[in-house]
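A quick write-up on the structure given underneath.
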Amino acid sequence: MTVLQLSDITVRHDGPHGPVTAVDGVSLEIPAGTTVGLVGESGSGKSSLVRAIVGLAPVHGGRILLDGREAGGHTVRARRRLGRRVQVVFQDPDTALNPRMTVRRTLEEAATAFHRLDRRTRAERVARLLDLVGLDPQLAGRLPSRLSGGQRQRVAIARALAVGPDLLIADEITSALDVSVQASVLNTIRELQRQLGLSILFIGHNLPAVCYVSDVVAVMYRGRIVESAPTDALLRAPQHPYTRTLLAAVPGLPATSPPPGSTPLSVDTANSAPLHAGCRFSALCPDGPGRHPERTVCTERDPQQGAADRPHRAACHFPSGTVEPDEPEDGLS
């Protein structure tokens, strides 16, 4: 069963020089009880996609389905229904929590948003939520300012869980935390998925963190998903050159050898490289026309059309450095 299905989603923003396409034809599925990771550099379109899913950004094309039914809508009732099914934990807990509300009041407010609970049940619910995220229930009387950054993020996770969502979206939730705290929060996410059977969309730019918590990983580059595969398969045999470049930058991961001729990528470099009618990564690709001038297909034909519809999908004409380009098929977007 698929909880969330994104089909050919497009999101545009107004930029200083006209409309900017932040998300360009993205398709992705979140099966029930599965954690799907979405990884990409800043500016790749991850957060724009999240905002579109929860109705905070307009969708200019495509469909968003929850359990096979159209999600969202502009009415109060539609937004309330979506909020009951899908909850988001954002990057910065300092701005996510009301500084004047105690932890108890924050969680009680969320827990009673869709259900009427008596005082005793509310207290039990608050204690249960804090226990789920690894916090001492004695912290319930504290204000956010009296908590550490890791504790505040756990409270934000507990608040999202309070409504009993079917899908939890974690958007860069460890980015604002100290390295020493990140691992414990990641372990909490894994344990929550195991205990509650949650469906989770875990968003991040830290590839090891995303892989650690995810069953399936999708790699996003300049508004498109370029590769999607079960985590073990992605780490063992990455197919897209961009994915291999990301893995090569992380010591200790299986694919630690840089692709031949590759150079380190920066956000500015990745986002300012020329866009072609074909592959968006072709200008920087170590296996592309820069090293292989005969591979004109990379700049002429969109590799999305040639990505095979299989568990491990890569939008590349030469996956894993193959000599001949794949034949066009219905594929990944």
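Values for this structure:
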item	result
Lone qualifier among T102, T35, T10, T21 - being on the phi < 0 side of the Ramachandran plot and modelled with pLDDT under 95	T21
For D302: the one exception among (1) touching a helix residue (DSSP H, G or I) at 6+ places or on another chain (Cβ under 9 Å); (2) at pLDDT 85 or above; (3) crowded, with 19+ Cβ neighbours inside 10 Å; (4) more than 21 Å from V210 (Cβ to Cβ)	(1)
Verdict on L167 being within 15 Å of the chain's Cα centre (by Cα), modelled with pLDDT of 95 or more and under 21 Å from G43 (Cβ atoms)	no
Among the candidates S148, S184, residue that is closer than 26 Å to R100 by Cα and surrounded by fewer than 17 Cβ atoms within 10 Å (Cβ to Cβ)	S148
Which numbered condition V297 misses (of (1) surrounded by 15 or more Cβ atoms within 10 Å (Cβ to Cβ); (2) modelled with pLDDT under 90)	(2)
Residue within segment 181-202 that is under 15 Å from the mean Cα position of the chain (by Cα) and of a type in the set (S, T, N, Q) present	yes
Sole residue being of a type in the set (A, V, I, L, M), surrounded by 21 or more Cβ atoms within 10 Å (Cβ to Cβ) and in a loop (DSSP other than H, G, I, E, B), chosen from I169, I173	I173
Residues being of a type in the set (D, E, K, R), part of a loop (DSSP other than H, G, I, E, B) and within 24 Å of D178 (Cβ to Cβ) - total across segment 96-155	2
First in segment 155-178 and at positive phi, second anywhere and among the β-branched types (V, I, T), Cβ under 8 Å, 6 or more apart	E172/I203
Matching entry among Q91, Q87 (being in contact (Cβ under 8 Å) with a residue 12 or more places away in the chain and in a loop (DSSP other than H, G, I, E, B))	Q91
Some residue of segment 72-83 being outside any helix (DSSP H, G or I), of a type in the set (K, R), surrounded by fewer than 19 Cβ atoms within 10 Å (Cβ to Cβ) and over 18 Å from the mean Cα position of the chain (by Cα)	no
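The values are calculated or read from the model by the stated rules, or taken from the named source; none is laboratory data. Because the structure is a prediction, the values reported are computed rather than measured. Backbone-built Cβ (ideal geometry, glycine too); neighbour counts: all protein chains shown.
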